[in-house]
Structure formats: structure tokens, C-alpha cells
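S.K.: Shown below is the structure under consideration.
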């Protein structure tokens, strides 16, 4: 009798475990790639999303993260998502235009001076950007940024002409940006971000434009050990998932999963920005030389960039969004000056 009771109890416990624990057949696995290095703050955002999704779905939705560019550069990962070999990807602003060029409206050189300006403009254009991205069969899970982009060079450079003498990295698979750089006299070499360090070491390229935190983590600053103290652009970022993959997830979970993804990005945004500021100090302590610019040289950079804006409008980004981001930025600046 005792053995029969024990057996019955075991059967009940096993049945309860099977009901509470999703089987492999029930679990939805979302494979996500990123060039963000393992252990970086950007990677931490994804880890937080993974844990939140597990908790919300009781383990039914599993986010598998492939960091450090192990699945290729950003252009390659976007292609893999389209071919259904990957479900989602965390992209920088250089990668988002591979989905839709509207995202480049936030990457215009020297558009923003402060994070306040970036946040004000991005919050207001994000709904339209998301609508256009959804038309390409992708859904934005969250927005983020990777900090300010600076030029890092093997030899000292101060002016635009100094940089024109160097071979400058540009993101592979972006012919429009490549053409625009060439139009203003820069020598560009398109490569995946994962090839930067090797290309600097071999002399294939002489300069890169990346956020300081990336240069620190990727160790590219050890070769390109001069940084021009000029905020070239704000490098935006977003985590996106293909529409078919998103629709594989039970509909009842989707609102909470989306909210969790957005919350994770917002909670770590300040930490990412502060890490970018701290990265410069860490690299200086290890030998990085910051090239300071006087007011006249900064004015020269701005004059050259602004002279190129007519070429960027409608080419780098759609004309309507190009005009809108400038309108919004100026709206904020006007409001600040009138206080």
C-alpha cells in the first residue's frame, strides 16, 4: 500500500512539473545577434531583457544572445534576420539604415550638441521611424544610444584636411554613406566593425569614427591612439525583431515583453552614457592622446559639415525627416534661449 501511495504521489508531482514547465516544443526561442562585446553595458541591457522575458513568460520565451559579432557584422546580421536564420538584432545607428534609411535622420553629423537635444528629437520622431521600420517587417523593441562618435586616428589629426589624408573606416554595406564621404574628399574603406582592429594593425585603415566606449572595449585605441575632441555625431541604437518572429510569441505576452524591453533600455541609458565619458579617462591613462581644438578649428569643422547638409538631405536620410529633426532641434534651442 505504501509503495502504491508513493508511486501515485510521484505521478502527481511529475504531472504538476510538466504543467508548470514549458517543454522544448512549447518554448519560443528568439535568437538575437549583436556586435556589442560580452560584458559591455550594451550587453547588460540584453541580459536584463532575457531575464525579464523568462519571468514574464514563465520560461516560455527564451532569448538567446550572440554577442561580439560572432554572427557577423550588422549588415550581415540584418540579412540573416531577413533569411530567417536569426530572429532579432541589437543594432547601432550605422546598422539601422540597413533596414530603412529613415533611421539615418538621427545620424546627421554635428546635428546635436547635447544628450538633451538627442532625447528631445528622438522621442518625437521615434513613432514615425518605428512605423517605417515595421513596413520593412521589423519591430522596434527599444531605443538606446552608444554615446558620441569621435574620430580616432593612428597619427595626429586636427582639421578636416588632416583627416582627408587618411584611410577612414566606414560601415560595410552602406554605399550611400560611402559615396557621401567620397564626395567631400574623404578616403573611405568599407569594412565590418569586427574587422576594425585588424585593419588598423595591418595599415589597411588609418582612422575610425566610433564611440569611446567601443574603442576601449575593442582595444582599437591602442593602435588609433589619437582622438579628435569633436562630437561628430550621436550614435543611436535600437533592438529590433522580425515581425514573423515577434508573432511566434503568444499574443498574451507581447505587451509585457515590449514594455520590459523598453524599460531595460531606458534604465541603463544613463549608465551607458556615463560609461562613455569614463572610457576617455581610462584610455588617456593608458596612452591615448586627445587632440584639443580651438574655437577657430571647431568653426572650420562646423562650416564644412553645414556646407554638406544640402547633399545629405534626401540622400543620407529622407528629406521630410531630415527637415523635421532640424526643426525639432531648433525648437528646443529656441525654448531654452527664451527662458
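S.K.: Name the residues in segment 175-188 that are in contact with a strand residue (DSSP E or B) (Cβ under 7 Å, 6 or more places away or on another chain) and either in contact (Cβ under 8 Å) with a residue 24 or more places away in the chain or surrounded by 15 or more Cβ atoms within 10 Å (Cβ to Cβ) (or both), would you?
M.R.: Applying the first criterion (in contact with a strand residue (DSSP E or B) (Cβ under 7 Å, 6 or more places away or on another chain)) to segment 175-188 yields 177-178, 181-182, 186-188.
Passing the criteria: 177, 178, 181, 186, 187, 188.
S.K.: Using the structure shown, decide if residue 141 is over 22 Å from residue 32 (Cβ atoms), modelled with pLDDT of 95 or more and under 16 Å from the mean Cα position of the chain (by Cα).
M.R.: Judged against the criteria, residue 141 is not a match.
S.K.: Return only the number of the condition from (1) crowded, with 19+ Cβ neighbours inside 10 Å; (2) part of a loop (DSSP other than H, G, I, E, B) that residue 45 does not satisfy.
M.R.: Of the numbered conditions (1) crowded, with 19+ Cβ neighbours inside 10 Å; (2) part of a loop (DSSP other than H, G, I, E, B), the odd one out for residue 45 is (2).
S.K.: Further question on the same structure: Residue check: is residue 228 closer than 18 Å to residue 52 by Cα and either at pLDDT 95 or above or surrounded by 14 or more Cβ atoms within 10 Å (Cβ to Cβ) (or both)?
M.R.: Numbers: closer than 18 Å to residue 52 by Cα: no; either at pLDDT 95 or above or surrounded by 14 or more Cβ atoms within 10 Å (Cβ to Cβ) (or both): yes.
It is false that residue 228 is closer than 18 Å to residue 52 by Cα and either at pLDDT 95 or above or surrounded by 14 or more Cβ atoms within 10 Å (Cβ to Cβ) (or both).
S.K.: Enumerate the strands (runs of 3 or more DSSP E) found wholly within segment 174-248, keeping only those where 2 or more residues are under 30 Å from residue 259 (Cα atoms). Can you show your working first?
M.R.: On the way: elements: 187-191, 207-210, 226-228, 233-242.
It comes to 233-242.
S.K.: Do you know which residues across segment 89-120 are under 18 Å from residue 273 (Cα atoms), in contact (Cβ under 8 Å) with a residue 60 or more places away in the chain and not in a loop (DSSP other than H, G, I, E, B)?
M.R.: 90, 91, 92, 106, 115, 116, 117, 118, 120
S.K.: What are the residues in segment 48-61 that are touching a residue at least 60 places away in the same chain (Cβ under 8 Å), in a helix (DSSP H, G or I) and more than 18 Å from residue 89 (Cα to Cα), if any?
M.R.: Initial filter on segment 48-61 (touching a residue at least 60 places away in the same chain (Cβ under 8 Å)): 48-49, 52-53, 56-57, 60-61.
This time we only want the ones that are in a helix (DSSP H, G or I), so: 48-49, 52-53, 56-57.
The answer is 56, 57.
S.K.: Here is a further query. Find the residue count for segment 317-332, including only residues that are within 14 Å of residue 104 (Cα to Cα) and in contact with a helix residue (DSSP H, G or I) (Cβ under 7 Å, 6 or more places away or on another chain).
M.R.: Pass one, segment 317-332, residues within 14 Å of residue 104 (Cα to Cα): 317-326.
Keeping just the survivors that are in contact with a helix residue (DSSP H, G or I) (Cβ under 7 Å, 6 or more places away or on another chain) gives 317-318, 321-322, 324-325.
So the count comes out to 6.
S.K.: Follow-up question, since we're still on this one. State whether the residues of segment 305-316 include one that is buried (at least 18 other Cβ atoms within 10 Å of the Cβ), in contact with a helix residue (DSSP H, G or I) (Cβ under 7 Å, 6 or more places away or on another chain), touching a residue at least 40 places away in the same chain (Cβ under 8 Å) and outside any loop (DSSP other than H, G, I, E, B).
M.R.: Yes.
S.K.: Out of all the residues in segment 253-276, which are loosely packed, with under 14 Cβ neighbours inside 10 Å and in contact (Cβ under 8 Å) with a residue 12 or more places away in the chain?
M.R.: Initial filter on segment 253-276 (loosely packed, with under 14 Cβ neighbours inside 10 Å): 255, 259, 266-267, 270-271, 274.
Of everything in segment 253-276, those that are loosely packed, with under 14 Cβ neighbours inside 10 Å and in contact (Cβ under 8 Å) with a residue 12 or more places away in the chain turn out to be 266, 267, 271.
S.K.: Would you say residue 141 is part of a loop (DSSP other than H, G, I, E, B) and on the phi < 0 side of the Ramachandran plot? Lay out the reasoning, then the answer.
M.R.: On the way: part of a loop (DSSP other than H, G, I, E, B): no; on the phi < 0 side of the Ramachandran plot: yes.
Criteria not met by residue 141.
S.K.: Take residue 163 and decide whether it is in a helix (DSSP H, G or I), touching a helix residue (DSSP H, G or I) at 6+ places or on another chain (Cβ under 7 Å) and modelled with pLDDT of 90 or more.
M.R.: On the way: in a helix (DSSP H, G or I): yes; touching a helix residue (DSSP H, G or I) at 6+ places or on another chain (Cβ under 7 Å): no; modelled with pLDDT of 90 or more: yes.
In short, no.
S.K.: Read through the list (1) under 17 Å from the mean Cα position of the chain (by Cα); (2) more than 30 Å from residue 329 (Cβ to Cβ); (3) at pLDDT 90 or above, then give the number of the only condition that residue 37 fails.
M.R.: (3)
S.K.: Would you check if residue 123 is in a helix (DSSP H, G or I) and more than 14 Å from residue 171 (Cα to Cα)? Break it down stepwise before answering.
M.R.: On the way: in a helix (DSSP H, G or I): yes; more than 14 Å from residue 171 (Cα to Cα): yes.
It is true that residue 123 is in a helix (DSSP H, G or I) and more than 14 Å from residue 171 (Cα to Cα).
S.K.: So if I check each of 158, 122, which one is modelled with pLDDT of 95 or more and either out of contact with any strand residue (DSSP E or B) (no Cβ under 8 Å at 6 or more places or on another chain) or more than 22 Å from residue 326 (Cβ to Cβ) (or both)?
M.R.: Within the list 158, 122, the selection yields 158.
S.K.: Would you check if there is a residue in segment 267-285 being modelled with pLDDT of 95 or more and either within 26 Å of residue 98 (Cα to Cα) or not in a helix (DSSP H, G or I) (or both)?
M.R.: No; the residues of segment 267-285 include none that is modelled with pLDDT of 95 or more and either within 26 Å of residue 98 (Cα to Cα) or not in a helix (DSSP H, G or I) (or both).
S.K.: Tell me, please, whether a residue that is in contact with a helix residue (DSSP H, G or I) (Cβ under 9 Å, 6 or more places away or on another chain) and under 26 Å from residue 28 (Cα atoms) can be found in segment 189-200.
M.R.: no
The values are calculated or read from the model by the stated rules, or taken from the named source; none is laboratory data. Everything numeric in this text was worked out from a predicted model, so none of it was measured. So basically every Cβ, Gly included, is an ideal-geometry build from the backbone, and we count neighbours across all protein chains shown.
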